[in-house]
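Input: a single structure, listed below in structure tokens.
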Amino acid sequence: MARIRCDFFSTALGMGTSMTVLLPDGAAGIGMAGAATAGDPPVLYLLHGLTDDDTVWTRRTSIERYVAPLGLAVVMPQVQRSFYCDEAHGNRYWTFLSEELPEVSRSFFRLSDRREDTFVAGLSMGGYGAMKWALRHPDRFAAAASLSGALNVAHRRHHPTSPMDPAVWHTVWGDRDVAGPDDDTVALLERAGDDLPALYVACGTKDFLYDDNTRFVDTAHRRGVPVTVDFSPGDHDWAYWDAKIQDVLAWLPLQRNG
């Protein structure tokens, strides 16, 4: 695998930003498998959480080792604490993510643009971002996965066990009501069409976001939306996410080598 930290200017944001990218090269070192595809490789957009940045998946998991034998590229963007939204009092991170990032990534690197080769996943805030992106643009993705996602953010603002940071809420949403519009993943699921990507939801049973995830899954079941569910022992931590991202990679509908 090639690991690239890419600093570039974002037109959507009006400033420089960064992404970390893993690219398959087919090379194998001692104790490391490698694979490459004949054409443009499939791509996983892998999203970070509230307190992290584009480097965190490579620092706290073995994501490079996990994807090396799959021939899968991974694009990990930097979005600050934006909840992958066009912020009320900040910047246009939803526009950056959903419109600019795929175009920029494909202009810099050899990546497939086919729906069947395109996937998105994330943890916590990134799990929310992944599901929102997949539900708002289902035609772009073959699969979307959320690990410990903030999947009921409309009800998180004043939640007694873990309220939303008022400063984050003010920056991202201002005085807007999140319930119902396009930033509410439960509402998006309620009105989703039939041609959705495959969906995967995992959350530890000790996680403070567990109830948010069960509500999202209950909505999917009531709507008849297929979703792969993994509610198993675990907390909101990297030990859980390092294990579960391996399950997500095994679940992705990739054309497996060999």
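The values are calculated or read from the model by the stated rules, or taken from the named source; none is laboratory data. Bear in mind that the values here come from a model prediction, so they are computed numbers and not experimental data. Methodologically, a virtual Cβ is constructed for each residue, glycine included, from the backbone with ideal geometry; neighbour enumeration extends over all protein chains shown.
Residue-by-condition table, conditions (1) surrounded by fewer than 16 Cβ atoms within 10 Å (Cβ to Cβ); (2) at pLDDT below 95; (3) of a type in the set (Phe, Trp, Tyr); (4) outside any helix (DSSP H, G or I):
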position	(1), (2), (3), (4)
Trp57	no, no, yes, no
Tyr84	no, no, yes, yes
Thr95	no, no, no, no
Ser98	no, no, no, no
Glu103	yes, no, no, no
Glu116	yes, no, no, no
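Looking at region 21-41, which of the residues that are buried (at least 20 other Cβ atoms within 10 Å of the Cβ) and out of contact with any Phe, Trp or Tyr (no Cβ under 7 Å at 6 or more places or on another chain) is farthest from Leu111 (Cα to Cα)?
Ala35
For region 216-251, give me each residue that is among the basic types (Lys, Arg) and surrounded by 15 or more Cβ atoms within 10 Å (Cβ to Cβ).
Within region 216-251, the first condition is being among the basic types (Lys, Arg), and the residues that meet it are 222-223, 244.
Listed by number, the list holds a single entry, Lys244.
Within 18 Å of Ala130 (Cβ to Cβ) and assigned to a loop (DSSP other than H, G, I, E, B): does that describe Val79?
It is true that Val79 is within 18 Å of Ala130 (Cβ to Cβ) and assigned to a loop (DSSP other than H, G, I, E, B).
Which residue is modelled with the lowest pLDDT, if the candidates are limited to region 165-187 and must be aliphatic (A, V, I, L, M) and crowded, with 20+ Cβ neighbours inside 10 Å?
Per the criteria, the residue is Val178.
All but one of (1) without any contact (Cβ under 8 Å) to a residue 40 or more places away in the chain; (2) under 16 Å from the mean Cα position of the chain (by Cα); (3) farther than 22 Å from Lys132 by Cβ hold for Asp53; which doesn't?
Status for Asp53: all satisfied but (3).
What's the number of the only condition in (1) touching a residue at least 40 places away in the same chain (Cβ under 8 Å); (2) β-branched (Val, Ile, Thr); (3) more than 30 Å from Ala28 (Cβ to Cβ); (4) out of contact with any Leu (no Cβ under 7 Å at 6 or more places or on another chain) that Val79 fails to meet?
Unmet condition: (4).
Filtering region 59-76 down to residues that are buried (at least 20 other Cβ atoms within 10 Å of the Cβ) and among the small types (Gly, Ala, Ser), which residue is farthest from Leu135 (Cα to Cα)?
Ala68
Within region 118-152, work out how many residues are in a helix (DSSP H, G or I) and touching a residue at least 60 places away in the same chain (Cβ under 8 Å). Talk me through it step by step, then tell me what you get.
Of the residues in region 118-152, the ones in a helix (DSSP H, G or I) are 125-136, 138-140.
Keeping just the survivors that are touching a residue at least 60 places away in the same chain (Cβ under 8 Å) gives 125-127, 129-131, 133-135.
Residues flagged as in a helix (DSSP H, G or I) and touching a residue at least 60 places away in the same chain (Cβ under 8 Å) within region 118-152 amount to 9.
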